[in-house]
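This report concerns only the one structure given below.
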Amino acid sequence: MVKKKSKQIYECSVCGKEYNYKRDAENCEERDKERKEMENIERVEKFTITENHLKLLKKMYVDWDDCEFGAPQINPKRPYGNSDVLDDIAEILGIKKTKENVEDYDKEEASKYSDKNEYIEDLEWKDEIYRKFNKLHKETQIALQICLCVGKFETGNFVKKETYDSLSWKKSGETIERGLD
Ligand SMILES: [Zn+2]
C-alpha cells in the first residue's frame with residue numbers, strides 16, 4: 001500500500017517562487033531583497049560621495065565595449081584588475097581579513113597553523129562584509145556619473161535636479177534652478 005506523503009512547500013514572499021526547503025525560500029527572499037536594494041541605488045536622487053567611492057573609482061580599469069555603437073566601459077569582469085573583485089575592493093579600502101569579518105572561523109583549525117593569517121586568508125568574507133563591499137561597488141555607478149557630470153572627483157552631498165536626467169547632478173547646497181515645472 002502506497003502512502004501518500006504531502007510535501008511542505010515554502011514560498012518566497014518577494015518573487016513567489018516555491019521551494020521544498022524553508023532555507024531555500026529564505027535565501028531567495030534574501031537575494032530578491034538585495035537585488036531590489038541594488039536597483040534602488042540607481043534611482044536615488046540624493047547621494048553622498050565618500051572617500052571610499054573615490055578610492056574605488058581611482059582603481060577602475062576602463063576598456064571599450066564594442067556592442068552597438070561602442071563606448072567606454074569599466075571592465076565588468078575585472079573592474080579593479082583581478083577577477084576576485086571582493087579581495088580587490090578590500091585591498092583598495094585597506095581592509096584585512098580578521099577572525100571577526102570572515103565566515104566560519106574555527107579556533108581549533110586556526111591553532112594548526114603557525115601563521116594564523118594564512119588560515120584566515122583562505123576563509124570567505126562574512127555575509128555582511130560581502131554585502132557592504134557589493135553595495136559600495138554598485139554605488140560607484142552613481143558616484144562616477146556625478147563625478148563625470150560635475151567634472152570633479154570630490155566627496156560631498158549631491159542632488160539630482162531632474163529625475164530622468166542623469167547629467168543633472170549638482171553639489172548640494174548650490175542653488176538648484178528648476179525649469180518651468
Ligand atoms: Zn524570490
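Filter the chymotrypsin sites (Phe, Trp or Tyr not before Pro) in region 90-181 down to the DSSP loop ones having no more than 15 other Cβ atoms within 10 Å, then list what survives.
Numbers: sites: Tyr105, Tyr113, Tyr119, Trp125, Tyr130, Phe133, Phe153, Phe158, Tyr164, Trp169; in loops: Tyr105, Tyr113, Phe153, Tyr164.
Sparse-neighbourhood loop chymotrypsin sites (Phe, Trp or Tyr not before Pro): Tyr113, Phe153, Tyr164.
May I ask which of Lys7/Lys33; Lys135/Lys160; Lys132/Lys160; Lys33/Lys138; Lys36/Lys138 have a Cα-Cα span longer than 22 Å here? All intermediate terms of the calculation are to be shown ahead of the outcome.
Values: Lys7/Lys33 26 Å; Lys135/Lys160 20 Å; Lys132/Lys160 24 Å; Lys33/Lys138 15 Å; Lys36/Lys138 12 Å.
Correct reply: Lys7/Lys33; Lys132/Lys160.
Compare Glu108, Glu42, Glu30 in a GNM of the chain, Cα atoms joined below 10 Å, and give the one with the largest fluctuation.
Maximum fluctuation in the GNM of the chain, among the listed residues, is at Glu108.
Scan the chain and note any complete DSSP helix (H) whose C-alpha atoms cover at least 27 Å along its axis and whose Kyte-Doolittle average is -0.5 or more.
127-150
For region 121-149 and region 7-42, what is the centre-to-centre distance using only Cα atoms, to the nearest Å?
When both Cα centres are located, 22 Å separates them.
Just for the Cα atoms in the chain, what are the lengths along the principal axes, largest first, rounded to whole Å?
76, 54, 37
In bins 10 Å wide, starting from 0, what share of all Cα pairs of region 65-113 does each bin hold, as a percent?
21, 30, 26, 13, 8, 3
Can you quote the Å³ per residue value for the convex hull of the Cα atoms in region 93-181, rounded to an integer?
Each residue corresponds to 121 Å³ of Cα convex hull volume.
Where a number appears in this text, it was derived from the coordinates with a stated rule and is not lab data. Computed from a prediction, not measured in an experiment: that's the story for all the values here. Cβ: placed from backbone, ideal geometry, glycine included. Neighbour counts: every protein chain shown.
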